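I have placed the structure first, in the form of structure tokens, so that the comments after it can refer back to it.
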Amino acid sequence: MKILVADDSKLARLSLMKIVKELEPSCEVIEADNGQIAIEKFQENSPSIVFLDLTMPIIDGYEALTQILEINPKAQVVVVTADIQSQAQAQVMALGAKMVIPKPISSEKMQTVLQQLVF
Ligand SMILES: [Mg+2]
């Protein structure tokens with residue numbers, strides 16, 4: 001299984017990757033540090049799940065979400081954000097995100113996400 005992790009914070013990417021690898025050692029994790037790269041890597045790799053930050057340079061998470069769903073309307077995008085405002089949550093759900101989870105993601109939460117979206 002492939003997972004794409006898009007976040008401009010290297011620390012955020014590393015911690016999310018570490019949690020995924022602990023739960024699913026065979027999982028291939030692909031990284032993107034901005035929205036533009038996220039869209040390109042989504043197209044190249046067709047990952048099962050995309051973990052997407054909202055605040056990123058070049059192309060932000062809202063626009064990346066929109067473009068990823070244009071490439072594949074069935075894409076499973078999980079928005080991971082420190083912005084817990086309900087307006088931001090409602091907006092990304094309306095755009096087509098599968099779920100919105102607060103940063104930092106815990107191992108328990110990741111397990112729930114993987115179970116809901118993959119298994
Ligand atoms: Mg960010």
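The values are calculated or read from the model by the stated rules, or taken from the named source; none is laboratory data. None of these values were measured; they are calculated from a predicted model. So basically every Cβ, Gly included, is an ideal-geometry build from the backbone, and we count neighbours across all protein chains shown.
If you filter the stretch 59-75 down to residues that are buried (at least 19 other Cβ atoms within 10 Å of the Cβ) and more than 16 Å from the ligand (Cβ to nearest atom), you find that the one that is nearest to Ser9 (Cα to Cα) is Ile68.
Apart from one condition, Met1 fits all of (1) more than 11 Å from the chain's Cα centre (by Cα); (2) more than 21 Å from Gln111 (Cβ to Cβ); the exception is (2). Is there a residue in the stretch 73-94 that is outside any helix (DSSP H, G or I), more than 11 Å from the chain's Cα centre (by Cα), aliphatic (A, V, I, L, M) and modelled with pLDDT under 95? Checked the stretch 73-94: at least one residue is outside any helix (DSSP H, G or I), more than 11 Å from the chain's Cα centre (by Cα), aliphatic (A, V, I, L, M) and modelled with pLDDT under 95. Pro25 meets all of the listed conditions (1) more than 13 Å from the ligand (Cβ to nearest atom); (2) in contact with a strand residue (DSSP E or B) (Cβ under 7 Å, 6 or more places away or on another chain) but one, namely (2). Of all residues in the stretch 35-58, those satisfying the criterion of being modelled with pLDDT of 95 or more, surrounded by fewer than 19 Cβ atoms within 10 Å (Cβ to Cβ) and within 12 Å of the ligand (Cβ to nearest atom) are Pro57, Ile58. Among the residues of the stretch 28-41, is any assigned to a loop (DSSP other than H, G, I, E, B) and on the phi < 0 side of the Ramachandran plot? Yes - at least one qualifying residue is present in the stretch 28-41. Can you find a residue that is buried (at least 16 other Cβ atoms within 10 Å of the Cβ) and away from the ligand (no atom under 16 Å from the Cβ) anywhere in the stretch 9-17? So far as the stretch 9-17 goes, no, none of its residues is buried (at least 16 other Cβ atoms within 10 Å of the Cβ) and away from the ligand (no atom under 16 Å from the Cβ). In this structure, Ile105 does not qualify as part of a strand (DSSP E or B) and within 16 Å of the ligand (Cβ to nearest atom).
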